[in-house]
């Protein structure tokens with residue numbers, strides 16, 4: 001009697017290869033069984049209800065539609081009067097100033113907005129919570145305060 005020419009390792013590799021083929025075939029059959037291809041147009045259609053939600057049921061044509069007047073729609077932001085930059089001298093309070101970095105913020109007394117101020121825009125020594133007068137200039141990120149000095 002002679003021994004088989006196949007070693008144990010070769011047999012194991014062949015078993016793994018066959019197992020891999022069977023798994024691949026099973027996955028292929030599963031994909032075919034659960035395929036979404038070939039659906040009808042009605043099955044693929046989606047509808048939007050009166051509240052803006054997506055549904056699979058079409059809207060009822062007998063249901064009365066509500067008509068909205070465009071003039072009745074109000075936008076939630078408050079309108080502010082445009083303030084000309086530069087010419088008007090404004091007043092405010094220096095809420096924050098970092099002397100080591102050279103910048104701070106002024107709270108405008110009229111609009112209550114926070115305006116950036118750089119140390120180059122100062123015309124005298126200022127500290128936090130000082131009342132100041134200033135002019136504004138449009139900068140790359142918004143309004144910048146210039147000609148900042150202590151209020152009299």
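Throughout, read-outs are computed from the coordinates displayed, never taken from laboratory work. What you see is a predicted model, and the numbers here were worked out from it, not measured in a lab. As a convention, Cβ positions derive from the backbone with ideal geometry for all residues, glycine included, and neighbour counts pool all protein chains shown.
With the Cα gyration tensor of the chain giving a ≥ b ≥ c as the square roots of its eigenvalues, does the rule (a/c under 1.5 for rounded; else a/b larger than b/c for prolate; else oblate) give rounded, prolate or oblate? Oblate, because a/c is 1.5 or more while a/b does not exceed b/c. Packing here is the average count of other Cβ atoms within 10 Å per residue, and on that basis the peptides 63-72, 10-19, highest first, run 10-19, 63-72.
Potential lengthening of the chain between residue 18 and residue 120 amounts to 28.9 nm, from the contour at 0.36 nm per residue minus the alpha-carbon distance. Take the Cα of residue 45, step 7 Å toward its Cβ, do the same at residue 71, and the gap between the two points is 3.8 nm. Computed from label points 7 Å out along Cα-Cβ, the spacing between residue 91 and residue 35 is 8.1 nm.
Extents of the range 90-150, largest first, come to 25, 24, 17 Å (Cα atoms, principal axes, whole angstrom). Estimated from helices alone, the mean residue ellipticity of the chain at 222 nm is -6500 deg cm²/dmol (sum of -39500 (n - 2.57) over DSSP H runs with n ≥ 4, per residue). Measure nothing but the geometry: give the 0 to 90° angle between the long axis through the Cα atoms of 8-33 and the longest principal axis through the Cα atoms of the chain, rounded to 10°. Orientation of helix 8-33: about 70 degrees from the principal axis.
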